[in-house]
1. Please enumerate the residues belonging to segment 124-134 that are more than 10 Å from the ligand (Cβ to nearest atom) and surrounded by 15 or more Cβ atoms within 10 Å (Cβ to Cβ).
2. Please count how many residues of segment 75-94 are at pLDDT below 90, crowded, with 22+ Cβ neighbours inside 10 Å and either within 16 Å of the ligand (Cβ to nearest atom) or among the small types (Gly, Ala, Ser) (or both).
3. For the structure I just gave you, tell me whether residue 117 is closer than 27 Å to residue 235 by Cβ and of a type in the set (Lys, Arg).
4. Considering only residues that are near the ligand (Cβ under 8 Å from one of its atoms) and either closer than 14 Å to residue 164 by Cβ or at pLDDT below 85 (or both), which ones fall in segment 8-29?
5. Does segment 155-165 contain any residue that is in a strand (DSSP E or B), under 22 Å from residue 74 (Cβ atoms) and within 16 Å of the ligand (Cβ to nearest atom)?
6. Have a look at 190, 198, 122 and point out the one that is closer than 27 Å to residue 60 by Cβ and not polar (S, T, N, Q).
7. Restricting to strands (runs of 3 or more DSSP E) lying wholly in segment 172-243: which have 1 or more residues that are closer than 27 Å to residue 119 by Cα and in contact with a Ser or Thr (Cβ under 9 Å, 6 or more places away or on another chain)?
8. Among the residues of segment 39-50, count how many are modelled with pLDDT of 70 or more and either surrounded by 15 or more Cβ atoms within 10 Å (Cβ to Cβ) or within 18 Å of residue 16 (Cβ to Cβ) (or both).
Amino acid sequence: QIDDAVDEDVALQPRPPVVTIMGHVDHGKTSLLDALRGTDVVKGEAGGITQHIGAYQVTLKDKSKITFLDTPGHEAFTAMRARGADVTDIVVLVVAADDGLMPQTIEAINHTKAAGKPMIVAINKIDKHEANAQRVRERLLEHEVIVEQMGGDVQDVEVSALKKTGLDELIEKIQLQAELMELKANPDRAAEGSVLEAKLDKGRGPVATVLVTRGTLKVGDVFVVGAESGKVRALVDDKGRQLKQAEPSMPVEVLGISGTPSAGDQLQVVENEARAREVAEYRQGVLLQKRTTAAPA
Ligand code: GDP
């Protein structure tokens, strides 16, 4: 049984921030994610193969960590939110300095505001001749995003994902924002997490990328995820390393699931396999019922 009691303050430990990058198509979301990934001091150490598992975590020089969801775009963000799996702490809004505010930029601003998430503006492609960062700041003002230089409290930073400039500053701003938020979780409890993506792998069976939200997920843990159940056979990180456990804010591939869950499903560790099956069967029944009643006449 999941302990439903509110985690006591004393049990809460700081956890890394979870960051989503949003912005208009071609403004450099993917390039920025790749560039930020390159700041990881742990990279290459284990000889594992870098994998795109829906999220990655970088470890910085000071040993602090940041988790980036690497499915950029507002679709993933909104879809997760709609399913009650609101895992993002901070949104980085990418705006290309040559192109300025575009329809999807404005959509991203609206989504971020609706979700009540703090935003950091990364003015990208600053290396280009046509770049005009000041124009971006002015246009943002029209959408009530007031950056520091314009007298507001939204942090902004000029970057070039291509030339890899401004990345340290962007990271510092993310860390500063995270500090203000005092992000915490209790690592010493039965784990819970959100499924970011899931697939049926030919060799490995059902594989779900889970972002741990509370507790510590360990190999051997018995769990329910959506209408599926299982026992953690292996945990694999974004560097292809096999882990024994995953702490809050860490994204990991979970192996050992009875079937393939859906993005947005919640994973909960339960006390035994009988309980896990019972909950999964109940949920399968509910799902079936929903489908039957939702079917058109
Ligand atoms: P996304 O659609 O937002 O993910 O954008 P991409 O990361 O795919 O980038 C779109 C294009 O812009 C690609 O051709 C990138 O090489 C280019 N690009 C991205 N960042 C920069 C940058 O900082 N400077 C310049 N000059 N080009 C960039």
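1. The answer is 132, 133.
2. 1
3. Answer is no for this residue.
4. 28
5. Looking for residues that are in a strand (DSSP E or B), under 22 Å from residue 74 (Cβ atoms) and within 16 Å of the ligand (Cβ to nearest atom), one finds at least one in segment 155-165, hence yes.
6. 122
7. By residue number, 192-201, 205-214.
8. Residues flagged as modelled with pLDDT of 70 or more and either surrounded by 15 or more Cβ atoms within 10 Å (Cβ to Cβ) or within 18 Å of residue 16 (Cβ to Cβ) (or both) within segment 39-50 amount to 4.
The values are calculated or read from the model by the stated rules, or taken from the named source; none is laboratory data. Predicted, not measured: the structure shown is a model, and the values here were computed from it. Note that each Cβ is placed from the backbone with ideal geometry, even for glycine, and that neighbours are counted across all protein chains shown.
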